[in-house]
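A.B. asks: Please find one structure pasted underneath; my questions will follow.
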Amino acid sequence: MRPTVQTTTTRTWRNGRMQDGARAIPEETPVAISYNGGTHAVMMATPADLEDFAIGFSLSEGVIDAPSQIDTFEIVPLDDGIELRMWIGGAEAERLQQRRRHIAGPTGCGLCGVDSITEALRPAAIVGAGGHFAPEQIIAAIEAMPPLQTLNIETRAVHAAAFWTSARGIVSLREDVGRHNALDKLAGALARQQIATGDGIVLLTSRVSVEMVQKTAALGAPLLVAVSAPTALAVRMAEAAGVTLAAIARADGFEVFSHPGRISGGTHEEATDVA
């Protein structure tokens, strides 16, 4: 398998002088996702956790409803990339045939190749009531991410998506040069581990665009927390999907953009119903 990090020489200008140096940078590889012998998508991605990526992408795209619906899976190294080959049958294969499309996606592209505005703005899954959370839990969750972002510690150039529960803390974290890829990898990891998502938090190191809300809703997670701001469309999608969206999360606080009722007013107050 291809390495996830390469080391390159640099010329660095700092403190008034130029000097030679070296820097670790993340690898970026074309990854083709194929079903039943036909390419469905090509995304630029970090060549790690590729089975998680294949399963998570398939779930978020609605190709499958569960990992068990993939009959066979194979990672095939190519001269200029990697192919993730999956074979599916039955109703899933028929559904795929009816909506097959080709995507050529640059890094971080989440809606490349959709063939209509309606498809791009497809309604997200409706999330159930889920759990309630104290502000202190949200801060603790977002602060738990950086030490676990091993690829970003080395390169300072990749996104992360994680899932946190009150009982276990961060149960899974995935990294990628593309923020959508990181979330798909997380979705695949959670599905493969059969981790219930109804009472936890999805954490993102990136901004929140509409497709990140759609993917979170597909996971069934009630709360999405990000370190950057959301788009207006992402907020509207979160409202419609029943997702509590908190963003601009820092050690000293965060802002809630939708369904604030899942978040209590403080440690000693009871959380109200979803509003």
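The values are calculated or read from the model by the stated rules, or taken from the named source; none is laboratory data. Keep in mind that this is a model prediction, so the values were computed, not measured. Backbone-built Cβ (ideal geometry, glycine too); neighbour counts: all protein chains shown.
A.B. asks: Residues Leu183, Leu245: which one is within 22 Å of Leu59 (Cβ to Cβ), within 11 Å of the chain's Cα centre (by Cα) and buried (at least 21 other Cβ atoms within 10 Å of the Cβ)?
C.D. replies: Of Leu183, Leu245, the one residue that is within 22 Å of Leu59 (Cβ to Cβ), within 11 Å of the chain's Cα centre (by Cα) and buried (at least 21 other Cβ atoms within 10 Å of the Cβ) is Leu183.
A.B. asks: Moving on. When only residues in segment 215-242 that are of a type in the set (S, T, N, Q) and surrounded by fewer than 24 Cβ atoms within 10 Å (Cβ to Cβ) count, which is farthest from the chain's Cα centre (by Cα)?
C.D. replies: Taking segment 215-242 first, the residues of a type in the set (S, T, N, Q) are 216, 228, 231.
This time we only want the ones that are surrounded by fewer than 24 Cβ atoms within 10 Å (Cβ to Cβ), so: 228, 231.
On the way: Ser228: 14, Thr231: 16 Å.
Result: Thr231.
Residue by residue, here is whether (1) touching a Gly at 6+ places or on another chain (Cβ under 8 Å); (2) more than 22 Å from Ala54 (Cα to Cα); (3) without any contact (Cβ under 8 Å) to a residue 60 or more places away in the chain holds:
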| position | (1), (2), (3) |
| --- | --- |
| His159 | yes, no, yes |
| Phe163 | yes, no, yes |
| Arg168 | no, yes, yes |
| Leu173 | no, no, yes |
| Gln194 | no, no, yes |
| Gly200 | yes, yes, no |
| Glu211 | yes, no, no |
| Gln214 | no, no, no |
| Pro230 | no, yes, yes |
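A.B. asks: List pairs: first in segment 1-20 and not assigned by TED's automatic domain parsing to the domain that holds Leu50, second in a loop (DSSP other than H, G, I, E, B) and acidic (Asp, Glu), Cβ under 9 Å, 6+ apart or cross-chain?
C.D. replies: Going by the 9 Å Cβ cut-off, the qualifying pairs are Arg2/Glu27; Pro3/Glu27; Thr4/Glu27; Val5/Glu27; Gln6/Glu27.
Every residue, every condition in (1) closer than 11 Å to Leu84 by Cα; (2) out of contact with any strand residue (DSSP E or B) (no Cβ under 9 Å at 6 or more places or on another chain), yes or no:
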{"position": "Pro3", "(1), (2)": "no, yes"}
{"position": "Thr12", "(1), (2)": "no, no"}
{"position": "Asn15", "(1), (2)": "no, yes"}
{"position": "Gln19", "(1), (2)": "no, no"}
{"position": "Tyr35", "(1), (2)": "yes, no"}
{"position": "Ala41", "(1), (2)": "yes, no"}
{"position": "Ala45", "(1), (2)": "no, no"}
{"position": "Asp49", "(1), (2)": "no, no"}
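A.B. asks: Additional query: Picking from Ala238, Ala246, Ala251, Ala221, which residue would you name as being small (Gly, Ala, Ser) and closer than 14 Å to Thr197 by Cα?
C.D. replies: Selected residue: Ala221, the only one of Ala238, Ala246, Ala251, Ala221 that is small (Gly, Ala, Ser) and closer than 14 Å to Thr197 by Cα.
A.B. asks: Which one of these does Thr72 not meet: (1) loosely packed, with under 11 Cβ neighbours inside 10 Å; (2) of a type in the set (Ser, Thr, Tyr); (3) within 15 Å of Gly188 (Cα to Cα)?
C.D. replies: Condition not satisfied by Thr72: (3).
A.B. asks: Between Glu74, Glu92, Glu83, which is free of Cβ contacts under 8 Å to residues at least 40 places away in the same chain, in a strand (DSSP E or B) and within 26 Å of Arg174 (Cβ to Cβ)?
C.D. replies: Checking each option against the conditions leaves just Glu74.
A.B. asks: Of the conditions (1) touching a strand residue (DSSP E or B) at 6+ places or on another chain (Cβ under 7 Å); (2) of a type in the set (Val, Ile, Thr); (3) modelled with pLDDT of 95 or more, Ile153 clears all except one; give me its number.
C.D. replies: (1)
A.B. asks: Mind counting the residues in segment 239-275 that are over 24 Å from Ala125 (Cα atoms), of a type in the set (D, E, K, R) and either in the same structural domain as Thr216 (by TED's automatic domain parsing) or at pLDDT 95 or above (or both)?
C.D. replies: The number of residues fulfilling the criteria is 2.
A.B. asks: For Ala162, are the conditions met, namely being surrounded by 23 or more Cβ atoms within 10 Å (Cβ to Cβ), out of contact with any helix residue (DSSP H, G or I) (no Cβ under 8 Å at 6 or more places or on another chain), of a type in the set (Gly, Ala, Ser) and under 17 Å from Thr216 (Cβ atoms)?
C.D. replies: Here the answer is no, as Ala162 does not meet what is asked.
A.B. asks: Here's another thing I want to ask about it. Hey, Thr197 hits all of (1) among the β-branched types (Val, Ile, Thr); (2) touching a helix residue (DSSP H, G or I) at 6+ places or on another chain (Cβ under 7 Å); (3) outside any loop (DSSP other than H, G, I, E, B) but one; which does it fall short on?
C.D. replies: Going through the list (1) among the β-branched types (Val, Ile, Thr); (2) touching a helix residue (DSSP H, G or I) at 6+ places or on another chain (Cβ under 7 Å); (3) outside any loop (DSSP other than H, G, I, E, B), Thr197 breaks only (3).
A.B. asks: If Ser68 meets every condition in (1) over 24 Å from Ala162 (Cβ atoms); (2) in contact with a strand residue (DSSP E or B) (Cβ under 7 Å, 6 or more places away or on another chain) apart from one, which number is that one?
C.D. replies: (2)
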